[in-house]
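Step one of this worksheet: look at the structure below.
The values are calculated or read from the model by the stated rules, or taken from the named source; none is laboratory data. Quick caveat: nothing in here was measured; it's all calculated off a predicted structure. Glycine gets a Cβ as well: all are built from the backbone with ideal geometry, and neighbour counts include every protein chain shown. Ligands, DNA and RNA are excluded from the accessible area calculation, which covers all protein heavy atoms including side chains. Shrake-Rupley method; radii C 1.70, N 1.55, O 1.52, S 1.80 Å.
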Amino acid sequence: MDYMGSTATAQYTHMGHRPQQGAHLPSIGTFDYRTSSAPPYSGLLTRSLSLPWRPSTFYRSARVEPTQSLHSSTMEPMSSSNYLNNIDNVKVPPIFPSARQALYTRYTPKDWYNAQMTNYLASDKIRSAAERLRSDAIRLAREKDEQSFKNNAESSKRLGERINDIEYWKGELEKTKDKMKRKIDDVESKRREVERLLSESEKPLRIAQENLYEREKRQGIDLVHDNVERELIREVDTIKLCQQKLRQMLERLNTQNALNRASLHELECDSQDKFRARVLDSAAHNIKTTSRGINFYEGIENVDNTVSVPETWTRYTEENIRRALSEMSQSDELLNASNQLMAQSNNDMWSQWNHVNVSLENRVQEGQVAKNKIQAHLEKILQEIFDVEQNIEFLKKTIADKEAFLQVAQTRLETRTRRPNVEACRDPAMHRLIQEVHDLHAGIADLHGKLRQEENAVQHLLRTKSTLEQDLAIKNNSLFIDFDKVMGIRRTFTINAPEKSAVTSVTFSHPRGLITA
C-alpha cells in the first residue's frame, strides 16, 4: 500500500495501486475548491485564511475549460505521444492544484515568529504575575505578622495604662476616704460640744437696739445686711435665740454628717469596684500566647456590656471625689460656723460688745475707703467724658477723610468704565480699585460703628457720673450714721468684762482723727 501526494501538507489519498504513467489527471476546470472538502489541516489553520497573501481572488475567478477532458471513462486508451500532445494543447493555470493547496494551508514565517513571540510574552507575563503574587503573599504574611505583634503590644500597653489609671484613681479615693473619715469624726466631736454648750447658752446681753434703728436710716445700696448689722442682731437676740441657734446648729451638724457618710459610702463602693477591675485587668495584661487557658470565643468582640467610656468613667470618680471634697468643705464651713457660734455663746456681753465695735470700726473704714474711691472714680469719669467727646470729633474728621478717598476710588472706577471695546479689561488696576472701594466702605462702616459706640459710651459715662454722685451722697449719709450716731451712742456704754467689773476705754478711729471713749 502506497501513499501518493505532492507535498507534506497537501492532501494525501489512500489508493490501492499506483496509477499507470499514462493515467489522466482530473479536470482542473471542473474541480471547485469552494464546494469540495477542505484539506485535512484546514481546521488547524483557521488564522491563515485571513492572511493578506491568500490568493482568494484566483479561486473565485479562475476557471479553465479544457478542449478535451483529461479523464473520461468512455475514451479509449491513448498512446504516450498523443497524451503529451494533448497535454500541450490544454490550457492549465501556472500553478498546479497540489501546490495551490499547499500555499493555502501553510503558515508564513512571520506567523511562526509571531506565534513564538506570543508564547514568550504570555510566559513572561504569567511568570511575572506569579512572582508578584508570591511576593505579595510573603509581604502580606510579614505585614500581618508585624501587625499582630504590634496590636498585641499596643493592647498590652493600653491595658498597662488602664491599670495605672485605676491605681491612680484608687489611690485618690483612698486618700479622700481617709480625709472623709477624719472629717466625720471632727463633725461628731463638734456635735457633742454643741450639745454640751446647749445647757450653757443663757447669758446676760445688752445690745444697742437703737443702733439697729439708726442704721435703718441708711439709704440705697448702703442699706446692706453687713457684718455690723449681723453682730448687732446677734447681740440683741443672743439670750432669746442662743438655744434656738444651738439646736439649729446641732441639726445642721447631724445633716452634714449624714451627707458625709453617704459620700463615704460612694467612695468605698467606687474603691471596691476599682479593686476588682484592677485584678481583672492585671490578669488580662498577663495573658500571653503561651499562657494556659486561652481559647477562642467566637463573637466576643461583638459583645458590648460596657456602661461607660473613659471620659464618663473618669468623670464618675471625679464627681465622687468632688462631692466628698465639697462635703468636707461644707463641713469645714459648718465647723467654723459652730466655733463662731460657740465662741459667741461663750462670750458675754463684753466680748459681744467688743465685736460689734470692731465690726463697726471696720465698716466705717470701708465706707471711708469706698467714699474716697468713688470720688477718684468720679474724677476719672469726668476726664473720660472729656476725652471721649474729643475722640468723637476725631472720628468724625476721620470719616470725612475716608469719604474723600472713597470718592477718588469710585471716580476712578467710573472713569475707567468708559474704556472702549476690548480695552475695558478687568485688569489688576480694576481689581485693586474695587478692593479699595470695598475696604473703604468697610473702614467707613467700622468707623461709623465705632462712632456710635463712642456716643453710646458718652451716654453711659453720663449715667455713671450721675450714679457715682448719688452713691457719694449715700456714703456720706452712711458715714454720718455709723460714726456720729451709732458709735457715739456706744461710747457712752460701760460694759463689765467677763472676769472683772470695770469701765472699759475704747478707742475709735474717726475719719478726721482719733476719739477716745
Q: Note down the relative contact order for the range 114-250 as a percent, whole number, built from C-alpha pairs under 8 angstrom at least six residues apart.
A: 25 percent
Q: Calculate, for E251 and A400, the FRET efficiency according to 1/(1 + (r/R0)^6) with r their C-beta to C-beta distance and R0 51 Å; round to the nearest 0.05.
A: 0.10
Q: Please report, as a whole percent, how much of the solvent-accessible surface of the range 247-356 comes from carbon and sulfur atoms (probe radius 1.4 Å).
A: 52 percent
(Q) Could you order the peptides 422-429, 317-324 from most to least packed, using the average number of other C-beta atoms within 10 Å per residue? (A) 317-324, 422-429
Q. To the nearest 0.05, what FRET efficiency results for N391 and V369 with a Förster distance of 45 Å applied to their C-beta separation?
A. 0.90
Q | Relative packing of peptides 408-419, 133-144 - highest average C-beta neighbours within 10 Å first | A | 408-419, 133-144
Q.
Please compute the length gained on full extension between A445 and Y213, using 0.36 nm multiplied by the number of residues separating them and subtracting their Cα-Cα distance.
A. 77.7 nm
Q: With a 1.4 Å probe and every protein chain kept in, tell me what percent of the accessible surface of the range 102-155 is carbon plus sulfur.
A: 59 percent
Q | Cβ-Cβ FRET estimate between M117 and S155, R0 fixed at 45 Å, reported to 0.05 | A | 0.25
Q. Tally Lys and Arg at +1 and Asp and Glu at -1 over the other residues with C-beta under 13 Å from the C-beta of I233: what net charge comes out?
A. -1
(Q) What is the sum of charges, Lys and Arg at +1 and Asp and Glu at -1, for the other residues whose Cβ falls under 9 Å from the Cβ of N477? (A) +2
